[in-house]
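The values are calculated or read from the model by the stated rules, or taken from the named source; none is laboratory data. Just so it is clear, the model here is predicted, and its values are computed rather than measured. Cβ coordinates were reconstructed from backbone atoms using ideal geometry, including for glycine residues, and neighbour counts include every protein chain displayed. Just the protein is used for accessible areas: all its heavy atoms, side chains included, with ligands, DNA and RNA removed. Shrake-Rupley method; radii C 1.70, N 1.55, O 1.52, S 1.80 Å.
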Amino acid sequence: MSCVFFRRGFCSRVLHPETRRLGIVYVHWPYCSQICAYCNFNKYLYARKKVDDNQITKVFTKQLQSMMKRSCISKVASVYFGGGTPSLADPSLVEEVLNVVAKVSSVAKEMEVTLEANPTSTHLDKLKDFKTAGVNRLSLGVQSLQDDALQLMNRNHTAKEALCVLAQANELFPKKTNIDMIFARPGQTCLDWEKELEEVLQHCGHHLSLYQLTIEPGTPFSKAVKRGEMKLPSNEAIADMYEHSVKALNNVGLRRYEISNFAKDGAESKQNLAYWTGIDYIGIGPGTINRKQ
């Protein structure tokens, strides 16, 4: 039986088991304790008294049940909790989402469950609870090891705090902790980045994500650039930063497996690989999209 699609890309009727296939799930928690100056994602300022965690969990799980039943996915290889800052959520959200996945599909052996987190002491206190709830991989938004850059980006942690959380995260999730970093920041030189990357590699385990800063419309960074208050590295400098990064990471066994992600053999993110190889995925939460082959 072939698939018949809705405009959103889902199957319109139940399929025979042999036509259903492997997929992944992305869950978007849209709240942040403060907004980064470069970010244009779907996000909102978090206030505990205004955010009903129980209600959000009910909505997310109901949406997931509906979409899973209508999709062509029979087995889930990865569930990724992104944002926003999903480490602000109650760990029960993870547990309930994974329960739904297990009920409406089969779970791939060694299913990857990733949580994005900010490297702050308040988030660290909850990491054990998230692990108990089912998280087995962590992605820490370090972004920089320079305090002046962190302040410019309006991050809510210091470099020292990030390294402290990273050390403990590596103990909780051995070989399963990713570091997010941003390069080509305002005023950054090639030498600045080479030194910073060298320090990062002293603490990096098996996975590193390097993202070139993108100036997105409507963000504080975009407005500052338009006013002439912020100078970005030249295209040539950015290219040099990236090429140096690829070589430096390769020298320590971190292989580039897609544009922004580097890993030691066997430590690649299943979620990232799925996006790049065209596997079906379901998005849950505000602003998400879905893909059907």
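Mean projected area of the Cα convex hull of the chain, taken over all directions, amounts to 15.9 nm². Spin-label model, N235 to K175: label points 7 Å out along the Cα-to-beta-carbon direction sit 4.2 nm apart. A simple rule links phi to the HN-Hα coupling: the Karplus curve 6.51 cos²θ - 1.76 cosθ + 1.60 with θ = phi - 60°, which for the stretch 276-282 gives 7, 9, x, 6, 4, 9, 10 Hz, with x for Gly and Pro.
Computed from Cα atoms, the angle from the helix 159-172 axis to the main principal axis of the chain rounds to 40 degrees.
Counting only DSSP beta bridges with both residues in the stretch 142-293, the antiparallel share comes to about 50 percent.
Subtracting the Cα-Cα distance of S121 and Y211 from their residue separation scaled by 0.36 nm leaves 30.0 nm.
Taken over the stretch 238-293, the ratio of Cα radius of gyration to 2.2 N^0.38 Å equals 1.43. For the stretch 136-293, the calculated P(r), taken from all Cα-Cα distances in 10 Å bins from zero up to the bin holding the longest distance, is 9, 34, 36, 19, 1 percent. The antiparallel fraction among DSSP beta bridges confined to the chain stands at about 20%. Across the stretch 115-121, coupling constants 3J(HN,Hα) worked out from phi with the 6.51/-1.76/1.60 Karplus curve, θ = phi - 60°, read 10, 7, 8, 8, x, 10, 5 Hz, and Gly and Pro carry x.
Within the accessible surface of the chain, defined with a 1.4 Å probe on protein heavy atoms only, the carbon and sulfur portion equals 51 percent.
Using a Gaussian network model of the chain in which every pair of alpha carbons under 10 angstrom is joined by a spring, one finds that among R21, R256, R155 the greatest mean-square fluctuation is at R21. When H28, H203 are compared by accessible area at a 1.4 angstrom probe, the order from most to least is H203, H28. GNM, the chain, Cα, under 10 Å: largest mean-square fluctuation among T277, T219, T158? Among T277, T219, T158, the largest GNM mean-square fluctuation belongs to T277. Within the listed set D240, D180, D53, the residue fluctuating most in the Gaussian network model of the chain (springs between alpha-carbon atoms under 10 angstrom) is D240.
For the residue pairs K160/K223; K58/K103; K43/K75, the alpha carbons lie more than 25 Å apart in K160/K223; K43/K75.
For the stretch 75-138, the extents of the C-alpha atoms along the principal axes are 36, 20, 16 Å, listed from largest to smallest. Backbone amide hydrogens, once placed in the peptide plane, bring V142 within less than 5 Å of D180, excluding anything fewer than 5 places away on its chain. Separation of the stretch 40-110 and the stretch 231-288, taken as the distance between their Cα centroids, equals 24 angstrom.
With 0.36 nm allotted per residue and the present C-alpha distance subtracted, the R21-Q55 stretch has 9.2 nm of extension available. Solvent-accessible surface of protein heavy atoms, probed at 1.4 angstrom with all chains present, puts R291, R137 in the order R291, R137, largest first. Counting only the Cα atoms, the stretch 111-202 fills a convex hull of 93 Å³ per residue.
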